[in-house]
1. Could we say that A:Ile49 is more than 14 Å from chain B (Cβ to nearest Cβ), within 16 Å of ligand 2 (Cβ to nearest atom) and buried (at least 22 other Cβ atoms within 10 Å of the Cβ) here?
2. For the range A:1-30, give me each residue that is away from ligand 2 (no atom under 16 Å from the Cβ) and more than 16 Å from A:Tyr84 (Cβ to Cβ).
3. Counting just the residues of the range A:223-237 that are within 28 Å of A:Ile4 (Cβ to Cβ) and in contact with a helix residue (DSSP H, G or I) (Cβ under 6 Å, 6 or more places away or on another chain), which one comes out nearest to ligand 1 (Cβ to nearest atom)?
4. Tell me which of these A:Ala88 doesn't satisfy, since it passes every other one: (1) outside any loop (DSSP other than H, G, I, E, B); (2) in contact with a strand residue (DSSP E or B) (Cβ under 8 Å, 6 or more places away or on another chain); (3) within 16 Å of ligand 2 (Cβ to nearest atom).
5. For the range A:145-183, which residues satisfy the criterion of being within 14 Å of ligand 1 (Cβ to nearest atom) and either of a type in the set (Phe, Trp, Tyr) or facing another protein chain (nearest Cβ under 9 Å) (or both)?
6. From the list A:Gly13, A:Gly101, A:Gly31, A:Gly66, which residue is within 16 Å of ligand 1 (Cβ to nearest atom) and either touching a helix residue (DSSP H, G or I) at 6+ places or on another chain (Cβ under 6 Å) or over 16 Å from A:Phe134 (Cβ atoms) (or both)?
7. Considering only residues that are part of a helix (DSSP H, G or I) and within 16 Å of ligand 2 (Cβ to nearest atom), which ones fall in the range A:167-219?
Amino acid sequence: MAKIIVVTSGKGGVGKTTTSAAVATGLAVAGHKTAVLDFDVGLRNLDLIMGCERRVVYDFVNVINGEATLKQALIKDKRTDNLYILPASQTRDKDALSKEGVERVLNELSELFDFIICDSPAGIEHGAQMALYFADEAIVVTNPEVSSVRDSDRIIGILQSKSRKAERGEPVKEHLLLTRYNPSRVAQGEMLSVQDVEEILAIDLLGVIPESQSVLKASNQGVPVILDDESDAGMAYSDAVARLLGENRPHRFLEAQKKGFLKRVFGG
Amino acid sequence: MGLFSYFKNEDDPKLSAQIAKERLQIVVAHERKQRTAPEYLPALQRELLAVIAKYVQIEEDDIQVQIDQQGNLSVLELNVTLPH
Ligand SMILES: Nc1ncnc2c1ncn2[C@@H]1O[C@H](COP(=O)(O)OP(=O)(O)OP(=O)(O)O)[C@@H](O)[C@H]1O
Ligand SMILES: [Mg+2]
């Protein structure tokens, strides 16, 4: 039986796909058979971030409609063992993911994998609800910014009322992942701090990913940023995956890097 | 950051992150209450408004209806601002 983890946020563009790719890769590197599923119907992007866009033949909706088997549609990652990608469909029919269809695919995947990572689309509509409905756990991706925090609280409300677990009276385990964090702006009082966001959302902190140039570089190359083990964002994602697996690791990259006096005065 | 903004924090009475936090705390608390409120609450509020409006002149936002959880009982709280 696989553990199903949804990566969700409500607000768009906060780093769900970046996180799905990183977490799925991290779990696979740690030796767990992992599938990562793109639920963003019509806006397929996970394939690009994973670097397998040219190998997409069939997609999630093809499998649901019986036009392809799961084995045909799953793309085996070229770099990382134990890792498979199920791309989203580019159809414009937003309701193409039926609840029964998604359940069938997840049940079949559950027999084959240890972890299933569901990359949610933005919003709180059908696609986002399908991505979270069957989840055992949720990674709530949040930026330290008012609208992202508010939307995260809404999605937490939906996890607590509209997921399958909630309907059965069981809790979905929620993890806060604060991304695009800029410690020097926090130090200046210009950005909400980790503690602020934790206090408002009141869920467990899985990790803090700094705002980092390495993320754009990784997406340019189609290599999940977690594989860039020299980068701050890559290391922060590795820590988060280790915590997800039960390890206790201290949080890094929370403090602004010390700058020389001249740099502080003249900018940089 | 320039030479002047380097000292800015000391005379800036409230940092913008602090304002953000306070605004979020209020809006999130409000929305959580609405989420857990029973579905009939908006309709109840409208009907109460209609009844009270028969006797005094009030507007839609002069009336607030909410349900507070206190231990194992719920309290229906009705706040009406009356004109002078
Ligand atoms: N830690 C980070 N540092 C810098 N840039 C980041 C970071 N995380 C994400 N980004 C950038 O933010 C943008 C949005 O990221 P991503 O596509 O992962 O978000 P998303 O939540 O999946 O978006 P959507 O809601 O559209 O699906 C991308 O350009 C990505 O490179
Ligand atoms: Mg995305």
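1. Considered against the rule, which asks whether it is more than 14 Å from chain B (Cβ to nearest Cβ), within 16 Å of ligand 2 (Cβ to nearest atom) and buried (at least 22 other Cβ atoms within 10 Å of the Cβ), A:Ile49 comes out as yes.
2. Within the range A:1-30, A:Met1 is the sole residue that qualifies.
3. Going through the qualifying residues, I end up with A:Ala233.
4. Going through the list (1) outside any loop (DSSP other than H, G, I, E, B); (2) in contact with a strand residue (DSSP E or B) (Cβ under 8 Å, 6 or more places away or on another chain); (3) within 16 Å of ligand 2 (Cβ to nearest atom), A:Ala88 breaks only (1).
5. Result: A:Glu145, A:Tyr181.
6. On inspection, the qualifying residue turns out to be A:Gly13.
7. Within the range A:167-219, A:Val215, A:Leu216, A:Ala218, A:Ser219 meet the criteria.
Okay, residues lined up against (1) surrounded by fewer than 18 Cβ atoms within 10 Å (Cβ to Cβ); (2) at pLDDT 95 or above; (3) of a type in the set (A, V, I, L, M, F, W, C):
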residue: A:Ser212; (1), (2), (3): no, yes, no
residue: A:Gly222; (1), (2), (3): yes, yes, no
residue: A:Ala233; (1), (2), (3): no, yes, yes
residue: A:Asn248; (1), (2), (3): yes, yes, no
residue: A:Gln257; (1), (2), (3): yes, no, no
residue: A:Arg264; (1), (2), (3): yes, no, no
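The values are calculated or read from the model by the stated rules, or taken from the named source; none is laboratory data. Nothing here was measured: the structure is a model prediction, and the numbers come from that model. Cβ coordinates were reconstructed from backbone atoms using ideal geometry, including for glycine residues, and neighbour counts include every protein chain displayed.
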